[in-house]
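Here is the structure we will look at, set down as structure tokens.
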Amino acid sequence: MSFNPSITDVQKYLKADFQPIHEDLFWEAAESKTPEKWQEELQSSIRDRLKDFDPIKQGWKLIVEKACITVSDIRLMLQQYPSEHREQKKQYVVASANKANYLVNVLLGRISTKWYPDVEHPAFDEDDEAYNNFLIQSLHELMNSNPNTAMYNRFFFASKLKCVNDHGRLPKNIELQGKENLPFMEHIQQWNDKYGFILVFGDSPLDWDTKLSKMAIEKANKCLSHNSPQCSTKFITCGTAMRPFGTTIVESFELKQYLLSHGVSEKNILIDTCSEHTNTNIWNAACLAFEAGMPIEKKMIAFMLGEQFAFVAGNKDGGMRQRTKEEVCPDMYDYLTIEKGDIDGSVVVGFKESFKDCPKWRLQWKNHVGKEIEVEDILEEGFEYL
């Protein structure tokens, strides 16, 4: 495991996760001019806040408060834009700052999210010396960064945290996914079935020895019962190595083995080895289907049970549509249609035209610790156009 990712690797995350402002960030990084006043103040601010930080004496949670982007930081960042563009840019900078702060909270501070405290956490244990040394080194780099890239530095830091954690958690899974998906990808596909794919979602086992939980098998059986051209003969199985923490069992791979044992050809199965919860099941499956060449007008169908179906297809408070708008970056409903299907317990997923050009990032949950920065907060702080 490398704790020194290349700049190119980190910049891939920077572009994907901070899409609304990534061009501004790369432009700043490419400039070699003397720092402007706002850049000097922004770099001085983080240097002063992190001065003499000590994870042993202070603990990581206190350091998080110092490392996050603040309202005052955003006010400085906005000064780079001409006054006529600041109103438009303000919402993008605020949204990106909240996402960066989410990553810092979870991956540096190990602060739990509201809905998935057992999932949204670093890939490394609290006493992992190599990871803790990486965090310390990265904070020193942030403090001592060049002021003429002051805004870029803040988002690069958050992207680096995510890059290292993904590399600590996902490479073997992604390698497995590529290998297992070759038979499908190399086979010339016809898209004559009613639906492009049946999505098979896992349901994590809670013990070390179980490969598939009873709920996961029940979902798989329900999907198998619709294996026909009148529904679909192609499948995407979804689920990473998730529970219990540290397990090496990749649920989507085990679901594929289950389908194979029931007569489905490997040329008709794709696996998504990275999804961690219902939202990422749907999003990653959509990205995989698009990559596999499924026509944009084609739809996919998922079969769910009980609470998961109510969460996705129901209209009650706390359902997926509401929680996605409130808690997920970005809102996948901007790019997908997700509707209750005609078959009992089914949900139908389709592409919107906007999906063609959207970045295929992994969804992120907003952190629920503390109050998020709102656009209005910038105004309340007395921000004035200069």
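The values are calculated or read from the model by the stated rules, or taken from the named source; none is laboratory data. Quick caveat: nothing in here was measured; it's all calculated off a predicted structure. Here Cβ is always computed from backbone atoms with ideal geometry, including for glycine, and neighbour counts include all displayed protein chains.
Can you say whether SER232 is modelled with pLDDT of 95 or more and surrounded by fewer than 18 Cβ atoms within 10 Å (Cβ to Cβ), as far as the supplied structure shows? So SER232 fails the test.
Filtering ASN153, ASN144, ASN181 for residues that are among the polar types (S, T, N, Q), touching a residue at least 24 places away in the same chain (Cβ under 8 Å) and over 17 Å from ILE63 (Cβ atoms) leaves a single hit, ASN181. Among the residues making up region 260-287, a single one is in contact with a Cys (Cβ under 8 Å, 6 or more places away or on another chain), small (Gly, Ala, Ser) and either surrounded by fewer than 22 Cβ atoms within 10 Å (Cβ to Cβ) or not in a helix (DSSP H, G or I) (or both): SER275. On the stretch given as region 11-66, residues that are among the aromatic types (Phe, Trp, Tyr), assigned to a helix (DSSP H, G or I) and over 16 Å from LEU108 (Cα atoms) total 4.
For region 324-338, the tally of residues that are surrounded by 13 or more Cβ atoms within 10 Å (Cβ to Cβ) and in contact with a helix residue (DSSP H, G or I) (Cβ under 8 Å, 6 or more places away or on another chain) stands at 10. In region 237-247, the qualifying residues are those that are touching a residue at least 24 places away in the same chain (Cβ under 8 Å) and in a loop (DSSP other than H, G, I, E, B), and the one that is surrounded by the fewest Cβ atoms within 10 Å (Cβ to Cβ) is PHE245. Every condition in (1) assigned to a helix (DSSP H, G or I); (2) touching a helix residue (DSSP H, G or I) at 6+ places or on another chain (Cβ under 7 Å); (3) crowded, with 18+ Cβ neighbours inside 10 Å holds for THR113 except the one numbered (1).
Against the test of being at pLDDT 95 or above and loosely packed, with under 15 Cβ neighbours inside 10 Å, the options ASP73, ASP52, ASP48 yield a single qualifying residue, ASP48.
Scanning region 184-207 for residues that are loosely packed, with under 13 Cβ neighbours inside 10 Å, of a type in the set (S, T, N, Q) and in contact (Cβ under 8 Å) with a residue 12 or more places away in the chain yields one hit, ASN192.
One residue stands out among those in region 82-97 that are surrounded by 17 or more Cβ atoms within 10 Å (Cβ to Cβ) and modelled with pLDDT of 90 or more: the one that is farthest from the chain's Cα centre (by Cα), which is ARG86. Contact annotation: residue pairs with Cβ atoms under 8 Å, 6 or more positions apart or on different chains, pairing a residue in region 334-348 that is touching a residue at least 12 places away in the same chain (Cβ under 8 Å) with a partner that is of a type in the set (Asp, Glu), are VAL347/GLU339; VAL348/GLU339. For THR210, the conditions (1) within 22 Å of GLY350 (Cα to Cα); (2) without any contact (Cβ under 8 Å) to a residue 40 or more places away in the chain are fulfilled apart from (1).
Among the residues of region 211-236, those identified as part of a strand (DSSP E or B) and touching an Asp or Glu at 6+ places or on another chain (Cβ under 7 Å) are SER232, ILE236.
For ASP125, state whether it is surrounded by fewer than 18 Cβ atoms within 10 Å (Cβ to Cβ) and either in a loop (DSSP other than H, G, I, E, B) or among the polar types (S, T, N, Q) (or both). So ASP125 fits the description; yes.
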